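Please read the structure below before turning to the comments.
The values are calculated or read from the model by the stated rules, or taken from the named source; none is laboratory data. Values in this document were obtained by computation on a predicted structure and should not be read as measured data. Here the Cβ is made from the backbone with ideal geometry for all residues, glycine too, and neighbour counts use every protein chain on show. Accessible surface is based on the protein model in full, side chains and every heavy atom, while ligands, DNA and RNA are left aside. Shrake-Rupley method; radii C 1.70, N 1.55, O 1.52, S 1.80 Å.
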Amino acid sequence: MADEHTDPVTLGKRIRHFRSRGRLTLAQLAETTGTTASQLSHIENGRREPRLSLLQAIASTLGTSASELLEPAPPPDRRAALEIELHRSQSSPLFASLGAPAVRPSRTLPLPVLESLVALHRELGRRAAEAIATPEEARRANTQMRLDMRARGNYLPEIEELGEEVIRKAGYTSGALTHSTVSTLARSLGFEIIHVPDLPHSTRTVTDLENGRIYLPPASIPGGHGLRSLALQAIGHRLLGHTQPASYADFLYQRVEIAYFAATCLIPRSAALDFLLPRQRAKDLAIEDFRDAFGVTHDFAALRLTNLATSHLDMPVHYLRVGEDGALYKGYENDGVALPTDVTGAIEGQLVCRQWAARAAFARRTRTTEFHQYTDTPDGTFWCSTQTGSTSSGEFTITVGVPFAHAKWFRGRETKRRATSTCPEEGCCRRPDEALSERWQQASWPSAVSHAQILGPLPSGRFPGVDDTEVYRFLEANAPSEPT
C-alpha cells in the first residue's frame, strides 16, 4: 500500500523504527495484527507491501496512523537512511554489472560496515557519473545551447561591452589585433604569456593562477589568429568569473562565452560595424573582405558576422560548417532555413542536402573566391556564399546565407546559379536510383565511419576532458622557484 511518494523499502524501515521504539518483537506484532513474523519480516525489508487492512492494524498496534507510516518524510533515523541507500544502490544496474553478491542490510549488520558499504557505493556512482557524459547528454546540451543563442540572435551584449572595454584599454585602435596587444592585455591583468612545446595533450592552454602565467603551444593554429584566440579565451575565463563546471552543459556554455569574448577582442564591435555598415549601404558585403580586414580565418569571420547581423545590420542569417561527406559540424540559423535535425533536435552529424551551396561548392575546381548560389526550399528561397577549406582530416565548407530579400546587401547576389531542394523529403537527394538500389541492396555491406569528435563520450577529469594528473605535473615542472 505504499503510495507514489513512499517506496516499500522506506515504509518497511518506518514500521521497523516504530516497532523497535515500542519494544515489540516481530512475533509479538504478528500476534496482535493477525499475521506471521515471516510476513512482517518481508514487509520491513521492503520485499512485500502490506494490504491496507494490515497496514492499519500495524499502525494501531504501534500507536501511530497509516498516514504517518506512508508520509513521504525522511527515514526515521540515520541507520534506516543508510540501509535504504544501500538497498537502492544494490538494486541499480551499475551494481548488477559488477556481478557481486548483495549484502543484506539487516539489523545485525554492524553500523561501521554499513557506513563503509554505503561510502563505497557512493564513490562507485560518483566515478561512473563523472567518467562519461553520454553522447545523448552532449547532444541535448548542445541543442539547448543552440536554441538559447538563436533566441538571443547569437548576440551577447554584456560580453560585447567587456571585450570592447578591455581591448581599448590595451591599446587597440583598428584593423587586425596584434600579438603584442594581446600580451599587453594579459600583463594588465597580471598574467604573462609563455609558449611551451609540452602542454598536456588534453588541454589547449593552461593557466597558472598562483604565478600569473598563461601557457600556450608554440605554433599558431592554421589561419593566423590561433594563438591570439587561445590567449584571449584563457583570459576570458578569468574576466567572466568562470568556476569549475558542474555539468557538460555548464562546460559547453563556458566554452561559448570564452569563444565569444575572444571574438569581441579580435573583431571588436565598433571596428566591425565601421567596416560592415558602409559596405552594406553600398550593397557590397563579403565575408572574404571581412576576414582579410581583421586577419582571421574565413570560419571565424563568418561566425562573427552572425553575432552582429541581426542586432546591428537588421538581417537574419544562417551559418554552416559542413564536411566533405555532407555532415553538418556546426550550424546556426535565425532566418527560417530548415537545418537537418535528428529526433532530439540535434543538428551535429546530420547530412546537409546535396543541392545546398554548402555541398555544391565541393564540385567546383576554382576555389580562390566565394561560391554563390540561390536555393529554393520548402521554407523559401535563400542566397548563400560558401568558401571551401581543408584540414588534415579532409575538406570542409563554410557557408553564410540569408533569405532572398536580404541577398541585395551582398556581393555575388547577381549569380545565375540556382538549385531546388525538397529535403527533408527523401526523394530529393537521399533515395538512391531504383536500378542501383535493386542491383546492390543485397550485395553490399558498408561499414560506417563515426564522427568521434561529435558523438564520442566525454573523458573524465576535474574539468571535462582534462587529465588533472598531467596538468598538475606540467605546472609543477614549469613553476618558477619563487612566485612571480
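Over all pairs of different C-alpha atoms, the stretch 18-103 has a mean inverse distance whose reciprocal, the Kirkwood radius, equals 14.4 Å. To the nearest 10, the accessible area of S106 is 20 Å² with a 1.4 Å probe. Can you give the percent of C-alpha pairs in the chain whose distance is more than 39 Å? Tail fraction, whole percent: 46. For M315, M145, the ranking by accessible surface with the largest value first comes to M145, M315, using a 1.4 Å probe. Relative contact order of the chain: 13 percent, from C-alpha pairs under 8 Å at least 6 residues apart in sequence. Taking every alpha-carbon pair under 8 Å whose residues sit at least 6 apart, the stretch 284-441 reaches a relative contact order of 22 percent.
Adding -39500 (n - 2.57) for every DSSP H run of four residues or longer, then dividing by how many residues the chain holds, sets the calculated 222 nm ellipticity at -13500 deg cm²/dmol.
Need one word for the stretch 372-455: rounded, prolate or oblate. Basis is the Cα gyration tensor (sqrt eigenvalues a ≥ b ≥ c); a/c below 1.5 gives rounded, then a/b vs b/c decides. The shape class here is oblate. Counting only Cβ charges, +1 for Lys and Arg and -1 for Asp and Glu, the dipole size of the stretch 229-338 around its Cα centre is about 320 debye. Note on the stretch 168-257: along the principal axes its Cα atoms extend 38, 29, 28 Å, ordered by decreasing extent.
A convex hull fitted around the alpha carbon atoms of the stretch 169-326 yields 151 Å³ per residue.
In this structure V103 has an accessible area near 50 Å², from a 1.4 Å probe over the protein heavy atoms. Note on the stretch 8-166: with charges restricted to the Cβ of Lys and Arg (+1) and Asp and Glu (-1), its dipole about the Cα centre is near 1140 debye.
Considering only P480, H406, G236, the residue lying farthest towards the positive end of the dipole of the chain is H406, judged by Cα position with unit charges set on Cβ.
With a 1.4 Å probe rolled over the protein heavy atoms of all chains, the accessible area of W383, W440 falls in the order W440, W383, largest first. Simple point charges give the picture: +1 on the Cβ of Lys and Arg, -1 on the Cβ of Asp and Glu, and for the chain a dipole about the Cα centre of about 260 debye. Note: the stretch 342-417, Cα convex hull, 115 Å³ per residue.
Solvent-accessible area assigned to carbon and sulfur over the chain amounts to 53 percent, based on a 1.4 Å probe.
Averaged over its residues, the stretch 227-285 has an accessible area of 37 Å² per residue, based on protein heavy atoms and a 1.4 Å probe. Here K408 is the anchor, and the aspartates and glutamates within straight C-alpha reach of less than 14 Å, apart from those fewer than 8 places off in the same chain, are D284, D314.
The antiparallel fraction among DSSP beta bridges confined to the chain stands at about 80%.
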